[in-house]
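A quick write-up on the structure given underneath.
Quick note: the coordinates plus some simple rules give every number you see, no bench work behind them. Remember, predicted model here, so these are calculated numbers, not experimental data. So basically every Cβ, Gly included, is an ideal-geometry build from the backbone, and we count neighbours across all protein chains shown.
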Amino acid sequence: MTVRPEDVVPIAEAGARLPELVDDAARGTKTILTDENGREVAAIVDVHRLAQLEQLESGVSSPFTVDDVLEALRSIETHGLISEEEGRRHDQELLESVQRRADLKESSSLGAVERGRLLMLADALRGMEDARNGRVTSAADFRQELKERAKRRQEGPAKDEESSK
């Protein structure tokens, strides 16, 4: 969490500024309250942000953030809907494209950064496929699978190839 100095307010000062701090929270600004020792003890946040935090804390996990959903809605407004079959075909084409680029990397002199990007894209696409096919049902499962895949890569390419079959 990034905290700017102007976001920090001593509790002793907060009472006098409460209407201002509440208005700031409604506009999306967070305020961190500190005790007399300067220790962060509480926060004033927008009620919608609080609901998001409570949802996360309650263990309700979704692989999508609110921003993901809003982006998807904007995309629908701009481009319209496509069928599930079209979406799967597009995802498969994207996955194959990334895999071809990754295969090219094995025989070319591209740098480690490019290989890392390709691996991240391939992992994201595999994750989408896993979620669509019910093999991954939560963001936590997806993160765990990514960690396991990275560990297999570190152990050697043979193990990663075996596990992806």
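I need the shape label for the range 5-57. Rule: rounded when a/c is under 1.5, else prolate if a/b > b/c, else oblate, with a, b, c from the alpha carbon gyration tensor. Here the range 5-57 falls in the oblate category. Charge dipole (Cα centre; +1 on Lys/Arg Cβ, -1 on Asp/Glu Cβ; no other charges) of the range 5-57 amounts to roughly 100 debye. Near VAL41: Cβ cut-off under 15 Å, other residues only, Lys/Arg at +1 and Asp/Glu at -1. The net charge is -3.
Compared with the direct C-alpha span, the chain from SER83 to ARG17 gains 18.5 nm at full extension, assuming 0.36 nm per residue. A Förster radius of 41 Å, combined with the Cβ-Cβ distance separating ARG74 from VAL41, puts the computed FRET efficiency at roughly 0.60. Under the simplified labelling scheme, the ASP91-LEU50 pair shows an inter-label distance of 3.7 nm, with each label point 7 Å from Cα along Cα→Cβ.
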